Amino acid sequence: MTSPNRPRSFQEIILRLQTYWAAQGCAVLQPYDMEVGAGTFHPATTLRALGARPWAAAYVQPSRRPTDGRYGENPNRLQHYYQYQVIIKPSPPDLQDLYLGSLKAIGLDPMVHDVRFVEDDWESPTLGAWGLGWEVWCDGMEVSQFTYFQQVGGHDCKPVSGELTYGLERLAMYVLGAGHVMDMPFNDPGAAIPLSYGDIFRQTEQEYSRWNFEQADTETLFRHFKDAEAECARILAAPETDAAGRRIPMAHPAYDQCIKASHIFNLLDARGVISVTERQAYIGRVRALAKACADLFVTTDAAQVPT
Amino acid sequence: MPDLLIELFSEEIPARMQARAREDLKRLITDGLVEAGLTYASAGAFSTPRRLVLTVEGLSANSPTTREERKGPRLDAPEKALEGFLRSAGVTKDQLEARDDKKGQVWFATITHPGRPAARIVAEVLERVIRDFPWPKSMRWGAGTLRWVRPLHSILCILTDESGASVVPLTVDGVTAGDRTRGHRFMAPDAFAVTGFEDYAARLRRARVMLDPAEREAAIRQEAESLAFARGWQIVPDDGLLSEVAGLVEWPVPLMGVIEARFLDLPPEVLQTSMKEHQKFFSARNPKTGRIEGFVTVANIETPDHGETILAGNQRVLAARLSDAAFFWENDLREAKSGMAAWAEGLRAVTFHNKLGSQADRIERIAALAREIAPLVGADADQAERAARLAKLDLRSSMVGEFPELQGIMGRYYALAAGESDAVADAARDHYSPLGPSDEVPTAPVSVAVALADKLDTLTGFWAIDEKPTGSKDPFALRRAALGVIRLVIENNSRIALLDHFSRGSVLAARSALGIAAQASSTIRDIYAKLAGVPASDLLRKEIVTALLKDGKNGDKEPESFYVALAEPEIFAANLLAFLHDRLKVHLRDQGIRHDIIDAVLAQPGNDDLVLVVSRATALNAMLQTEDGKNLTQGLKRAGNILAQAEEKDGVEYSFGADPKFADTDQERALFAALDTAEPRIRQAIADEDFPAAMTAIAALRAPIDAFFEAVQVNTDHQITRRNRLNLLSRIRDAGRQLADFTRIEG
């Protein structure tokens, strides 16, 4: 990386992305306070991609993929990692250029690097969502996912949202020239107390890997899955008006339960207790929740063009 | 004669869709223009990742003016009728002409359809084509409703003649056509105007875009080869990858890199697959070591540092990828060396089909079948069974999990690491073959045994659970499996009576299916236990299945087809053989043997031995090419027809006792003599399976048979003579029947 503009730490890359997308007019949100598998699960993307109301948000989302845990030993794989997510509705005509601008902002000058848009259609069977787009390659490495949402929760997206997802660790390792994720500087290497990614996450990766693969109590998890499913259904079935006669459908609380079910499913999957055939059935159950939440959300104010 | 240039400029079009899109654009536009009355001299379509381009040369400037005559009402028709006619024809009364008609004078109108300018037609056709373009997958974007493969940014559409270029006025969903385009995304992003195709292509080239995909492919190939040559290496050819990579760049810049020494011990297939699938790199082989030691990546940009940063980045990504591969390889090798028990155990949890059980169940069946087939193909039964048990274990390896296309190839490496013999390891690699009509067929005996067992299990298994191919639907690729069996047997000259193995496979599969069903029903569980406990004596099996069938009926549902497969596997075997015969006809038709010839030999005994079927058919086919053969067929058919009529009339079968002493004519006596000579020859040739000799022997009957029919009337009033002649004909019929059912030969 010959660029003099090069960031020095993981957090600097995040900060530059925040600054860049804030300058493009995005609301810079904070991570959702639940365990999710990807930034897409944040209601700021899943739910807000629905309906006609314009939307522009950017945020970091801690993401958990229990099956990817490697006890902190694999240079590239983590069970807990960060995604940077940008969602803009309707997708602006210059979204590709805006995206390339963000690469420049973190020190990847497309005049020196080889940036390519390579076909990659995105689909989330658990969210009943799909879109077309690319994975973006920089010098042969996938640095982002670029998607035009076509459907979410079984609903056509009208207008279409443009979604950008950056895998922050991988991107940062590339920009910072780190060979192992744990060696990557998290704060500035010149700080009084320099912290590497490993200083912060090596131990947690070990602990969660052990818990995910060996210890998580499957009976409890199965029960929690059922509970989340039941609670989601109960919330959705509740009358739309409250005791005082106000119309307050509860799409977001219901969707929280959907997120919960999805994550519990991921944990059960990591524990290896879900067979191939059951797998499809569980994914279908989560999708049913996502669809029901989407059905309700599109009837709410947040899905309508403000008058 | 103007020239037309169209460019549809969008965000990146998937590489795999570009070739088809070029063809579609050319076909749809030119068809539309011609339909509207225009003509053109030539057309060409091009694409880059961001543009789809069509040039049409020598287009007519207008569609021709056409005249149409329309007959109206009679002159004395009511005023209303005339008014209606004028309205529909779009003319006034003074433009009408009165003409004589059969029923008196009638009004005629001549309507002129004026020609239309090319620009108007182009605009209509292009808009329609854009709106209905047959992309395999298309999308909407922003707040619009138009669908395109990715967001469509601009339309360039100009007609150029001697007086210059003019933009075709056209707006599709807010995108207005113009005469401007852009160059390379990074190296020449500014817009510029063009005046025609040549100007367009030349300016694009200056703006770092190579328009023609064929030129990009050639440039990549040439540069990659010369980079490799400089190091004494060779590029591993891969046309699919070449065309994909050419669809990913507008300005190809091949760069060569070296694979780090620590990865060179990975199997070459792993290096090649990892580099191709993940990175779209070409592999470079060092002919001195035979190893893959380098790669070529194709960048889309020329940089001030001549690609140094790009290559360094690609090297790092590759190193990470290959570290993963090396990690998988080392883990897998460790498991392989320890005997692969964990993989075998793992396959118990992998469902093959929910009615046929797990992959482990399947392996059991294949092992049993491989054992039985082994001696028939010259393989050792223990080795064949061993190979069958190992062949699919690599499905659980990390490497095959990452690269499914390496299944079998990794199996061979892991079997060798486990200390297995070459024959067993090769069978692991080869047992999926042949996968298609042109795929190579294994020849090593152990490989042949396992490959056959694998396909027999697939066929009998899906037959037993009634999942047969219908029409164009063949979700389990049973036609491919059938062709695999046919090619394995024929090309290895393997003499196997397939019916026995079909029956055996049906029973094995049905038992698996019963085992699955037993998990859900206590009745079936009891029966299954009874069946599993005892070696399957036919009596017991039938008794059990009768009970099952009864159970199925009592439950008000159709009995499962695998109950029947268990009770009467012979029926399933025969049914499956018919399916195989159909595929054999298709296979042999491609080799020039007509279906009726195959039908004629399929009527012979031993038709489940495909080697026999094919050698009979080949010999018959050769004979039927000769004059003797064609006439003999007629003679045999005539003999057969006369006999059939007489037998029907008399209610007896004429089959024995022809005696030369009752012969009246020389021709009859000659036929007796010829049969006396031919019959033992035919018998002997058939016993020797020398079908060409058998055909020669029977062809020798042609002349005496012809002469016989020429001179002799079979159905005479003299009953003894008639019976004798009919019995003589039956000797002819029998001679023919030993070789084929000649009544099925057409013509």
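The values are calculated or read from the model by the stated rules, or taken from the named source; none is laboratory data. Owing to the predicted nature of the structure, the values given are computational and were not obtained by experimental measurement. All Cβ positions, even for glycine, are placed from backbone atoms using ideal geometry, and neighbour counts span all protein chains on display.
Worth pointing out:
- Test: residue in region B:13-33 that is within 14 Å of another protein chain (Cβ to nearest Cβ), β-branched (Val, Ile, Thr) and either closer than 27 Å to B:VAL194 by Cα or within 34 Å of the chain's Cα centre (by Cα) (or both): yes
- When A:TRP211, A:TRP137 are screened for being within 29 Å of B:GLY144 (Cα to Cα), aromatic (Phe, Trp, Tyr) and free of Cβ contacts under 8 Å to residues at least 40 places away in the same chain, only A:TRP137 passes.
- Test: residue in region B:368-388 that is at positive phi and either out of contact with any strand residue (DSSP E or B) (no Cβ under 6 Å at 6 or more places or on another chain) or within 14 Å of another protein chain (Cβ to nearest Cβ) (or both): yes
- Residues that are small (Gly, Ala, Ser) and in contact with an Asp or Glu (Cβ under 8 Å, 6 or more places away or on another chain) do occur in region A:260-271, at least one of them.
- Number of the condition not met by B:ASP324 [criteria: (1) away from every other protein chain (no Cβ under 14 Å); (2) farther than 30 Å from B:LEU211 by Cβ; (3) touching a residue at least 12 places away in the same chain (Cβ under 8 Å)]: (1)
- Residue ID - farthest from B:ALA336 (Cα to Cα), chosen from residues in region B:428-464 that are β-branched (Val, Ile, Thr) and surrounded by 22 or more Cβ atoms within 10 Å (Cβ to Cβ): B:THR460
- Single residue of B:GLU215, B:GLU223, B:GLU244 found to be part of a helix (DSSP H, G or I) and under 30 Å from B:MET1 (Cα atoms): B:GLU215
- Restricting attention to region B:323-344 and to residues that are among the charged types (D, E, K, R) and under 19 Å from B:ALA387 (Cβ atoms), the residue that is surrounded by the most Cβ atoms within 10 Å (Cβ to Cβ) turns out to be B:ASP332.
- Among the conditions (1) in contact (Cβ under 8 Å) with a residue 24 or more places away in the chain; (2) assigned to a helix (DSSP H, G or I); (3) out of contact with any strand residue (DSSP E or B) (no Cβ under 7 Å at 6 or more places or on another chain), the only one that A:ASN187 does not satisfy is (2).
- B:ALA687 among the hydrophobic types (A, V, I, L, M, F, W, C) and either touching a Pro at 6+ places or on another chain (Cβ under 9 Å) or farther than 17 Å from B:PRO605 by Cβ (or both): no
- Of all residues in region A:139-157, one or more are under 29 Å from B:THR48 (Cα atoms), small (Gly, Ala, Ser) and not assigned by TED's automatic domain parsing to the domain that holds A:CYS293.
- Within region A:148-169, the only residue that satisfies the criterion of being within 10 Å of another protein chain (Cβ to nearest Cβ) and among the acidic types (Asp, Glu) is A:ASP156.
- Helices (runs of 4 or more DSSP H) contained entirely in region A:190-307, each with at least 2 residues that are in contact with a Gly (Cβ under 9 Å, 6 or more places away or on another chain), not assigned by TED's automatic domain parsing to the domain that holds A:ALA52 and not hydroxyl-bearing (Ser, Thr, Tyr): A:251-270, A:276-297
- Check on B:PRO304, surrounded by fewer than 18 Cβ atoms within 10 Å (Cβ to Cβ) and facing chain A (nearest Cβ under 8 Å): yes
- Evaluation of B:TYR40 against (1) part of a strand (DSSP E or B); (2) closer than 30 Å to B:ILE6 by Cβ; (3) of a type in the set (Phe, Trp, Tyr); (4) free of Cβ contacts under 8 Å to residues at least 60 places away in the same chain (one fails), failing number: (1)
- Qualifying residue in region B:270-293 (condition: within 16 Å of B:LEU406 (Cβ to Cβ), hydrophobic (A, V, I, L, M, F, W, C) and within 14 Å of chain A (Cβ to nearest Cβ)): yes
- Evaluation of B:GLY307 against (1) under 16 Å from B:PHE263 (Cα atoms); (2) over 35 Å from the mean Cα position of the chain (by Cα) (one fails), failing number: (1)
- All told, A:TYR174 falls short of being of a type outside the set (S, T, N, Q), closer than 22 Å to A:ARG65 by Cβ, away from chain B (no Cβ under 14 Å) and in contact with a Leu (Cβ under 9 Å, 6 or more places away or on another chain).
- Scanning region B:671-684 for residues that are surrounded by fewer than 17 Cβ atoms within 10 Å (Cβ to Cβ) and either more than 21 Å from B:GLN604 (Cα to Cα) or in contact with a strand residue (DSSP E or B) (Cβ under 9 Å, 6 or more places away or on another chain) (or both) yields B:ALA673, B:ASP676, B:THR677.
- Some residue of region B:136-145 being touching a strand residue (DSSP E or B) at 6+ places or on another chain (Cβ under 8 Å), of a type in the set (Phe, Trp, Tyr) and part of a loop (DSSP other than H, G, I, E, B): yes
- Any chance B:LYS355 is touching a residue at least 40 places away in the same chain (Cβ under 8 Å), more than 14 Å from every other protein chain (Cβ to nearest Cβ) and over 26 Å from B:MET256 (Cβ atoms): no
- Summed over region A:121-142, the residues that are surrounded by fewer than 21 Cβ atoms within 10 Å (Cβ to Cβ), at pLDDT below 95 and either within 8 Å of chain B (Cβ to nearest Cβ) or over 22 Å from A:PRO43 (Cα atoms) (or both) give a count of 2.
- B:ALA547 vs. criteria at pLDDT below 75, more than 26 Å from the chain's Cα centre (by Cα) and small (Gly, Ala, Ser): yes
- Strands (runs of 3 or more DSSP E) fully within region A:34-120 that include at least 1 residues being within 14 Å of chain B (Cβ to nearest Cβ), hydrophobic (A, V, I, L, M, F, W, C) and over 23 Å from B:LEU152 (Cβ atoms): A:55-64.
- Qualifying residues in region A:271-297 (those that are more than 14 Å from A:PRO125 (Cβ to Cβ) and modelled with pLDDT of 85 or more) - the one nearest to the other protein chains (Cβ to nearest Cβ): A:ALA294
- Taken together, A:ALA238, A:ALA243, A:ALA303, A:ALA281 contain a single residue that is aliphatic (A, V, I, L, M) and in contact with a Phe, Trp or Tyr (Cβ under 9 Å, 6 or more places away or on another chain), which is A:ALA303.
- Residue among A:ALA49, A:ALA27 that alone is buried (at least 18 other Cβ atoms within 10 Å of the Cβ) and more than 9 Å from the chain's Cα centre (by Cα): A:ALA49
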